[in-house]
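Participant: One structure, pasted below without further comment.
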Amino acid sequence: MLDIIKNEFDKFKHSNCADDAIFFQAMEEVITSITPLLESDAKYKRYAILDRLIIPDRIIKFKVTWMDDKQVIQVNTGYRVQFNNSLGPYKGGLRFHPTVNEGILKFLGFEQILKNSLTGLPIGGAKGGSDFDPKGKSDFEIMKFCSAFMTELHKYIGPRMDVPAGDIGVGAREIGYLFGEYKKITSTYDGVLTGKPFIFGGSLMRPEATGYGVVYFTEAMLEHERKEPLKGKVCTVSGAGNVAIYTIEKLQSLGAIVVSCSDSAGTLYDSRGIDLKLIKEIKLEKRASLEEYLSVNRAANYIPVADYPDGGHSVWAIPCYAAFPCATQNELTKVDADNLIKNGCVSVSEGANMPSTPEATELFLSHKICFAPAKAANAGGVSVSEFEMSQNASMQKWSFAKVDEKLKETMQQICKRIALTAKDYGVEGNYIDGANIAGFKRVADAMIAEGI
Ligand code: NDP
Ligand code: 2IT
């Protein structure tokens, strides 16, 4: 292991900061991948690129005070981790979930730097959010929380400075409320957030972008590695949020058979193929539990198999050709990877950020499974966010077809670049190393060109 990472790990071990474990997990994978590059080119060490890259430019932490519907005052913590802006303004999502802490946001921000670099677009890396739990909150409470959050965040963002977007718990509704408050406080109409509703500056296809992009990437990877299409193949998807839903939609439109989805309470298996219209109704319109899928189908005298509630792992015991983890980090363990491989799965594409544990990833690589790592496979979301920034800056509105075509082209280019990089560094077929090396190189070269 390189000295730098060893020193950091030693510091971490003595710091008692358990929240940072996930950040170190992400960092260790990247540093392992890029070691051959660092050893072959002394300039990265001379310019101390790694020492500089692993520390965020700044971490903003603030109090968010708001009043719930019962007139009780609530207090949450808000964050923005502005990690690196060598390639462009800080860019990355906001996550509202009770598990949010500084360590999770450092992991997500660090991954975002390399993901954004892989897109080839002019965007730096950041992440933010709050430990606020949107579950069970009224629309009015969500609005009040978003306003209170922006009261503080607006000081640190701007269209050329830092442009947040959505992530878990943050979709077009929350972005709309955040934008409304920003506009009120600053008296400007800036494209300061992406993922806005279309009616006031959002890009067509931003809701679909991450999921569609995951499938475009997978198609390109499978064509390159196995010369096989997704048509007619059985696929499993975890999650039932933004990324999962549009991954399912694109897979179905290509003729794949998607037999599962899940949420934080359990897993659904429907051998007929998931009824996406019903899932959208339950998760996007009613914001309810997937369990409703069972009662609707029961009324129609058909009972899909379900594991409700489960520990989040039943989905990976279902036989499939391709798996798409689209819920959250570390949801797919070594046992799950083992089950997938035993059941004949040949392809895994990470829609969520770092959903596979390091042990699961190792197993996939050693069994020559086509493995699309998150920072490449889910880069379609942030790419269309950048397209939204371009449209806002030029006061244009692109058609759905134009955004879709540019997204597909971007995902195909990322896939090609990664495959070539892996080959150049003697690890052909290893998309993790390919993605980490290609992503790191572009940021590092910009950092060197910009001086210290
Ligand atoms: P959503 O909030 O829309 O959906 C999240 C889904 O995952 C929900 O079905 C949720 O279940 C489930 N989930 C969340 N946490 C857990 C958990 N701890 N255990 C089991 N299930 C869980 O988020 P997104 O779809 O936007 O995000 C999903 C993943 O994709 C995240 O890793 C995110 O970082 C990543 N991502 C998102 C992008 C975007 O554009 N939105 C872009 C790139 C990556 P429930 O409904 O019960 O809460
Ligand atoms: O993880 C991600 O790439 C996102 N949540 C989307 C970030 C963005 O700025 O669109």
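The values are calculated or read from the model by the stated rules, or taken from the named source; none is laboratory data. Just so it is clear, the model here is predicted, and its values are computed rather than measured. Glycine also receives a Cβ, built like all others from the backbone with ideal geometry; neighbour counts cover every protein chain displayed.
Participant: Does any residue of the range 59-81 turn out to be at pLDDT 95 or above, crowded, with 24+ Cβ neighbours inside 10 Å and within 13 Å of ligand 1 (Cβ to nearest atom)?
Facilitator: Scanning the range 59-81 turns up no residue that is at pLDDT 95 or above, crowded, with 24+ Cβ neighbours inside 10 Å and within 13 Å of ligand 1 (Cβ to nearest atom).
Participant: Please work out if residue 154 is surrounded by fewer than 24 Cβ atoms within 10 Å (Cβ to Cβ) and either within 16 Å of ligand 1 (Cβ to nearest atom) or under 20 Å from the mean Cα position of the chain (by Cα) (or both).
Facilitator: No, not satisfied.
Participant: Six or more apart or on different chains, Cβ atoms under 6 Å: show the pairs whose first residue is in the range 363-377 and farther than 21 Å from residue 216 by Cα and whose second is surrounded by 20 or more Cβ atoms within 10 Å (Cβ to Cβ).
Facilitator: Final answer for the pair search is 363/337.
Participant: A follow-up question, please. Condition first: away from ligand 1 (no atom under 16 Å from the Cβ) and acidic (Asp, Glu). Now tell me which residues in the range 297-348 satisfy that.
Facilitator: Selection gives 338 alone.
Participant: Inspect all residues belonging to the range 70-83 and state whether any of them is more than 17 Å from the chain's Cα centre (by Cα), of a type in the set (Ser, Thr, Tyr) and closer than 20 Å to residue 192 by Cβ.
Facilitator: Looking for residues that are more than 17 Å from the chain's Cα centre (by Cα), of a type in the set (Ser, Thr, Tyr) and closer than 20 Å to residue 192 by Cβ, one finds at least one in the range 70-83, hence yes.
Participant: Could you look through the range 260-283, keep only residues that are among the basic types (Lys, Arg) and surrounded by fewer than 19 Cβ atoms within 10 Å (Cβ to Cβ), and pick out the one that is nearest to ligand 2 (Cβ to nearest atom)?
Facilitator: Filtering first and then ranking leaves 280.
Participant: Can you name every residue in the range 226-251 that is more than 16 Å from ligand 1 (Cβ to nearest atom) and under 21 Å from the mean Cα position of the chain (by Cα)?
Facilitator: Correct list: 235 only.
Participant: The conditions are (1) at negative phi; (2) crowded, with 16+ Cβ neighbours inside 10 Å, and residue 160 fails exactly one of them. Which is it?
Facilitator: The one condition residue 160 does not meet is (2).
Participant: Return the residues of the range 391-400 that are in a helix (DSSP H, G or I) and surrounded by 16 or more Cβ atoms within 10 Å (Cβ to Cβ); say none if nothing qualifies.
Facilitator: 391, 392 - these are the residues of the range 391-400 that are in a helix (DSSP H, G or I) and surrounded by 16 or more Cβ atoms within 10 Å (Cβ to Cβ).
Participant: Between 293, 321, 308, 302, which is within 16 Å of residue 269 (Cβ to Cβ) and touching a residue at least 60 places away in the same chain (Cβ under 8 Å)?
Facilitator: Of the residues listed, the single one that is within 16 Å of residue 269 (Cβ to Cβ) and touching a residue at least 60 places away in the same chain (Cβ under 8 Å) is 321.
Participant: Would you check which residues across the range 323-357 are under 17 Å from the mean Cα position of the chain (by Cα) and more than 18 Å from residue 247 (Cβ to Cβ) and list them?
Facilitator: 330, 357, listed by residue number.
Participant: Across the range 84-107, which residue is farthest from ligand 1 (Cβ to nearest atom) among those that are under 12 Å from the mean Cα position of the chain (by Cα) and more than 26 Å from residue 452 (Cβ to Cβ)?
Facilitator: Result: 94.
Participant: Going by the structure shown, is residue 149 buried (at least 24 other Cβ atoms within 10 Å of the Cβ), away from ligand 1 (no atom under 14 Å from the Cβ), modelled with pLDDT of 95 or more and assigned to a helix (DSSP H, G or I)?
Facilitator: Yes; evaluated as a whole, the condition is true for this residue.
Participant: For the range 64-102, which positions are basic (Lys, Arg) and assigned to a strand (DSSP E or B)?
Facilitator: Matches in the range 64-102: 80, 91, 95.
Participant: Given the conditions (1) part of a helix (DSSP H, G or I); (2) farther than 25 Å from residue 206 by Cβ; (3) not hydroxyl-bearing (Ser, Thr, Tyr), which single one is not true for residue 108?
Facilitator: Checking residue 108 against (1) part of a helix (DSSP H, G or I); (2) farther than 25 Å from residue 206 by Cβ; (3) not hydroxyl-bearing (Ser, Thr, Tyr), the one that fails is (2).
Participant: While we're looking at this one, here's another question. Considering only the range 127-146, state which residues are away from ligand 1 (no atom under 13 Å from the Cβ) and under 17 Å from the mean Cα position of the chain (by Cα).
Facilitator: Listed by number, the list holds a single entry, 130.
Participant: Tally up the residues in the range 411-420 that are buried (at least 24 other Cβ atoms within 10 Å of the Cβ) and more than 13 Å from ligand 1 (Cβ to nearest atom), please.
Facilitator: Going through the range 411-420 one residue at a time, the tally reaches 3.
Here's the yes/no breakdown for (1) within 16 Å of ligand 2 (Cβ to nearest atom); (2) among the aliphatic types (A, V, I, L, M):
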| residue | (1), (2) |
| --- | --- |
| 343 | no, no |
| 377 | yes, yes |
| 386 | yes, no |
| 405 | no, no |
| 433 | no, no |
| 438 | no, yes |
| 444 | no, yes |
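Participant: Taking residue 194 as the residue in question, decide whether it is within 15 Å of ligand 2 (Cβ to nearest atom) and assigned to a helix (DSSP H, G or I).
Facilitator: For residue 194, the condition - within 15 Å of ligand 2 (Cβ to nearest atom) and assigned to a helix (DSSP H, G or I) - is not met.
Participant: Let me ask something else. Report yes if residue 182 is more than 16 Å from ligand 1 (Cβ to nearest atom), hydroxyl-bearing (Ser, Thr, Tyr) and buried (at least 19 other Cβ atoms within 10 Å of the Cβ), otherwise no.
Facilitator: Yes, satisfied.
Participant: Filter the range 229-259 down to residues that are touching a residue at least 60 places away in the same chain (Cβ under 8 Å) and among the polar types (S, T, N, Q) and give me whichever is surrounded by the most Cβ atoms within 10 Å (Cβ to Cβ).
Facilitator: Ranking the candidates gives 247 first.
Participant: Can residue 46 be described as touching a residue at least 24 places away in the same chain (Cβ under 8 Å) and among the charged types (D, E, K, R)?
Facilitator: No: the conditions fail for residue 46.
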